[in-house]
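Below is one structure, written out as structure tokens, with a few remarks after it.
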Amino acid sequence: MNEVHYEPWRQSEWPRLQREVVGVHWGPGARIEVAESWSGPLSIEILFSLTRAFQGIDEGYRLRDIPVGNALIYLARESPYLIAFRHNASGTMDNIPLMHWLVISANQCIDVLSEREPEVRVLPHV
């Protein structure tokens, strides 16, 4: 397979900065909680509807296959993860317009296969 091309998604609106993924929840869809720093309060949540799969992986492994810029969220239209998912689905997902989303923080990377782009919500400060 050719090199995977990850495109930054709304980088100027959602830069990575010192943000940390501090929680991932399933059902319905995937919800990723992000704080401004590891010990900081939750600041945003990233919601994926029509999610088909997700995985969390240590950033050290993921960063071997993606040059990381300052975006929090990236998009790949084809990737080894998406190809493996379609293969394992035995043809049932071949006509579904899935996209591979990648949320990157300093200590965690979350891969999400979803039919729609995410909704990012700013959480009120408590």
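General observations
Table: residues versus (1) more than 21 Å from residue 58 (Cα to Cα); (2) crowded, with 17+ Cβ neighbours inside 10 Å; (3) in contact (Cβ under 8 Å) with a residue 40 or more places away in the chain.
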| site | (1), (2), (3) |
| --- | --- |
| 9 | no, yes, yes |
| 15 | no, no, yes |
| 18 | no, no, yes |
| 21 | no, yes, yes |
| 25 | no, no, no |
| 30 | no, yes, yes |
| 33 | no, no, no |
| 40 | no, no, no |
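- Pairing each residue of segment 95-106 that is open to solvent by less than 10 Å² (accessible area, probe 1.4 Å) and modelled with pLDDT of 90 or more with any residue that is aromatic (Phe, Trp, Tyr) and in a loop (DSSP other than H, G, I, E, B), provided the two are 6+ apart or on different chains, yields C-beta distances under 8 Å for 101/9; 102/6.
- Residue count for segment 69-91, restricted to those that are over 17 Å from residue 7 (Cβ atoms) and touching a Lys or Arg at 6+ places or on another chain (Cβ under 9 Å): 2.
- Out of 22, 112, sole residue that is out of contact with any helix residue (DSSP H, G or I) (no Cβ under 7 Å at 6 or more places or on another chain), modelled with pLDDT of 90 or more, among the aliphatic types (A, V, I, L, M) and closer than 22 Å to residue 3 by Cα: 112
The values are calculated or read from the model by the stated rules, or taken from the named source; none is laboratory data. None of these values were measured; they are calculated from a predicted model. Cβ: placed from backbone, ideal geometry, glycine included. Neighbour counts: every protein chain shown. When the accessible area is computed, the model is the full protein with side chains, heavy atoms only, and any ligands, DNA or RNA have been set aside. Shrake-Rupley method; radii C 1.70, N 1.55, O 1.52, S 1.80 Å.
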